[in-house]
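The values are calculated or read from the model by the stated rules, or taken from the named source; none is laboratory data. Given the structure is predicted, the values throughout are model-derived calculations rather than measurements. Here the Cβ positions follow ideal geometry from the backbone for every residue, glycine too, while neighbour counts run over all protein chains shown.
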Amino acid sequence: MKSLYAAFIAFSFLFTLTFTSETETQEFQGKAYYFSKSKMELGRWGARMSEAQKKQIQARLKNRLEKTYVLSFDKVASVFDEEDQINAISGATDSWGSNFSRGKQYKNVKENQLIQSQEFYGKKFLVKDKLQKIEWKMGSESKQIGQYMCFKATASVPKDQLNWYNFSWRDIRRPSTTEASEENKEPEIEMTEVEAWYTLQIPVSHGPAEFWGLPGLILEVSAGNTVMLCTKVVINPDEVVEIEAPSKGKEITIKDYQATVKGKMQEMRDNRGRRRRSQ
């Protein structure tokens, strides 16, 4: 397997030289289409449900669990955006879920720049920050994805880095007496194990979502309960691919955006508690 990897590296080096010389006279661009599927997590609540109830909830949450995305890219920048989906049961978009969904994402690997549009309860934000670095461990294991030979890479990434735009009620739960007495203790960082498959045949450092930094385009990635698989790649399509960063919204960093969301959700929770006590 290692000899195959070494041989493919050598071939890809020659391929990259040819690839580069052929694209120097034209603007290299591409589009990669991904299908994302997440497993439903119901926790203790789900343990009390029948299989029929679980299937019903899964059907209602299908537009959250299954999504399609497009990654438009050139040599240094990419735009990752979700294709519009309609809830198959209700015929309407998921307004609650949309508050914590990933917005249009621009990454520039040359300038180490992330720009992402987010909308939270009707207010538009423009999140600007550095790309979150991933310490990849390169492997020699390979497999074919479509017409591309892919190699495996793994990483262990803090969960908050992958889902910074999301929200969990656990983020604002009141600490127990034990936790309060240990407030000086360093908080434990929850990690997510990531497995990615990239191809050297498309020598760009792009990938879907927060994933990037490998020597080839990432065609498949598994992280936590979610798998993203590339279903189609189009290199230098007939129509020019627009790779532009979003520009509308209040500029904010990832850290400040998380604090804003947490503060608003805490306010909503407190207001709900006061209404209940006044009844």
task = Return yes or no: is Asn236 modelled with pLDDT under 90 and of a type in the set (S, T, N, Q)?
result = no
task = Evaluate the following for Asn87: is it modelled with pLDDT under 80, surrounded by 15 or more Cβ atoms within 10 Å (Cβ to Cβ), within 18 Å of the chain's Cα centre (by Cα) and of a type in the set (S, T, N, Q)?
result = no
ask   = In the range 196-214, is there at least one residue being within 15 Å of the chain's Cα centre (by Cα), over 21 Å from Glu111 (Cβ atoms) and of a type in the set (Gly, Ala, Ser)?
value = yes
Condition check for Leu219: under 20 Å from Glu111 (Cβ atoms), surrounded by 13 or more Cβ atoms within 10 Å (Cβ to Cβ) and within 17 Å of the chain's Cα centre (by Cα) = no
task = Taking the residues in the range 148-170 that are at pLDDT below 95 and polar (S, T, N, Q) as candidates, determine which candidate is farthest from Tyr121 (Cα to Cα).
result = Gln161
remark   = Flagged pairs (Cβ under 6 angstrom, 6 or more apart or on separate chains; first in the range 244-262, under 21 Å from Ser78 (Cβ atoms); second acidic (Asp, Glu)) are Thr253/Asp129; Ile254/Asp129
request  = Working only within the range 218-242, note down all residues that are in contact (Cβ under 8 Å) with a residue 60 or more places away in the chain and closer than 21 Å to Tyr165 by Cβ.
outcome  = Ala223, Gly224, Asn225, Thr226, Val227, Met228
message = Contact list please: Cβ distance under 9 Å, first residue in the range 113-130 and within 15 Å of Leu162 (Cα to Cα), second residue surrounded by fewer than 17 Cβ atoms within 10 Å (Cβ to Cβ) and β-branched (Val, Ile, Thr), pairs at least six apart or on different chains.
response = Val127/Thr253; Asp129/Thr253
note = Within the range 246-279, the residues that are of a type in the set (A, V, I, L, M) and either surrounded by fewer than 11 Cβ atoms within 10 Å (Cβ to Cβ) or at pLDDT below 95 (or both) are Ala259, Val261, Met265, Met268
